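Comments concern the structure below.
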Amino acid sequence: MREAVVLLERDGGVAEITLNRPDKLNAFNVEMHRLLARHLEELEAEEATRVVLLTGAGRGFCAGQDLGDRVMGEEERAPDLGETLETLYNPLIRRLRRLEKPVICAVNGVAAGAGANLALACDIVLAARSASFIQAFCRIGLVPDSGGTWFLPRLVGDARARGLALLGEKLPAEQAASWGLIWRAVPDSELMGEARDLARRLATAPTRGLALIKQALQASWSNDLDAQLDLERDLQREAGRTEDYREGVRAFLDKRQPVFRGR
Ligand code: LHQ
């Protein structure tokens with residue numbers, strides 16, 4: 001039987017998702033989108049899963065849209081790429097940003113097109129030193145999608161965003177880290193070890209609090225300071241009512257390690 005195009009493994013509070021079309025550098029086809037969406041929907045609802053780790057099988061992370069897939073349209077009429085974004089890519093990016101648990105991305109190789117922006121939608125991005133990021137869209141006459149035109153200027157500033165989007169050059173992982181596009185670049189042999197260590201650490205963190213942090217940071221891009229202060233007040237009120245906050249304070253005063261249950 002053929003292996004699934006997206007693999008899901010659970011270990012304690014960590015769910016590891018692997019994009020699994022290695023001979024196509026894990027480019028997205030419809031099947032991959034559907035399976036990934038189904039896994040994420042499941043993980044969203046699972047209290048026992050407290051962190052998601054996303055990576056790719058083989059030598060690439062994800063080469064974006066499978067350019068040979070039928071949604072690209074071999075037919076005479078131009079395919080409706082807007083429809084593809086509306087039904088497949090946009091829901092994926094929204095789901096990741098709204099997921100109420102941290103998402104770590106371990107970029108094991110090249111991340112191109114929507115594959116690069118999928119990584120940028122995750123909360124913490126680690127990349128192997130040999131990995132790279134390519135806003136490949138301009139090479140085929142397209143516009144960066146999957147949030148690219150939103151993430152890039154915010155992460156690296158307008159000048160670098162324009163360079164990346166208009167030139168479509170390969171940005172090596174270490175440069176991506178030094179530009180602030182990603183959290184860290186690590187030696188290839190250490191990538192999955194580091195990513196899993198981080199995931200295990202976050203799986204014992206105050207999950208509800210982390211979800212509220214994600215919400216606050218996301219909102220900050222469109223709020224002015226006044227609105228953000230109001231939001232912090234509301235979210236802190238909610239955080240202060242969690243069991244984990246109580247446990248954190250109690251453990252601090254008792255001079256012991258806290259045991260957070262994620263609620
Ligand atoms: C691929 C792909 C691929 C199919 C490598 N498709 N086979 C959204 C909505 C709707 C439509 C349009 O798009 C979007 C968003 C997008 O993502 S648009 C951007 C799509 N992606 C690209 O343009 C990247 C295309 N790939 C590349 O430029 C190169 O493959 C990179 C730079 C990623 C890697 O280069 P190499 O390391 O030299 O590998 P390679 O090119 O030899 O690829 C290995 C194999 O993977 C090869 O197949 P083969 O049978 O010859 O071994 C490629 O054809 C296949 N592959 N990307 N996107």
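The values are calculated or read from the model by the stated rules, or taken from the named source; none is laboratory data. What you are looking at is a predicted structure, and each value in this text was computed from that prediction instead of being measured. Ideal geometry is used to build each Cβ from the backbone, glycine not excepted, and the neighbour counts take in all protein chains shown. Side chains included, ligands, DNA and RNA excluded: accessible areas come from the protein's heavy atoms. Shrake-Rupley method; radii C 1.70, N 1.55, O 1.52, S 1.80 Å.
Cysteine residues of the chain whose C-beta has no other cysteine C-beta under 4.7 angstrom: Cys62, Cys138. About its Cα centre, what dipole magnitude does segment 207-254 give when the only charges are +1 on Lys and Arg Cβ and -1 on Asp and Glu Cβ, stated in debye to the nearest 20? So the magnitude is around 160 debye. Projecting label points 7 angstrom from Cα along Cα→Cβ for Gln257 and Asp80 puts them 5.4 nm apart.
With all protein chains kept in place, the per residue accessible area of the chain amounts to 54 square angstrom at a probe of 1.4 angstrom. Annotation for segment 83-125: GluC sites (Glu not before Pro) lying in DSSP loop with at most 16 further Cβ atoms inside 10 Å of their Cβ are Glu100. Separation of segment 155-198 and segment 1-72, taken as the distance between their Cα centroids, equals 21 angstrom.
Dividing the summed helix terms, -39500 (n - 2.57) for each DSSP H run of n ≥ 4, by the number of residues in the chain produces a 222 nm estimate of -13000 deg cm²/dmol to the nearest 500.
Using heavy atoms of the protein chains and a probe of 1.4 Å, the accessible area assigned to Arg250 is about 110 Å².
Using a probe of 1.4 angstrom, how much of the accessible area of segment 6-203 is carbon and sulfur, in percent? Provide the component values of the computation, followed by the final result.
Details: 4570 of 9330 Å².
Of all accessible area on segment 6-203, carbon and sulfur atoms account for 49 percent.
Only protein atoms count toward the accessible area here, which uses a 1.4 Å probe; on segment 207-254, the carbon and sulfur part of that area reaches 55 percent.
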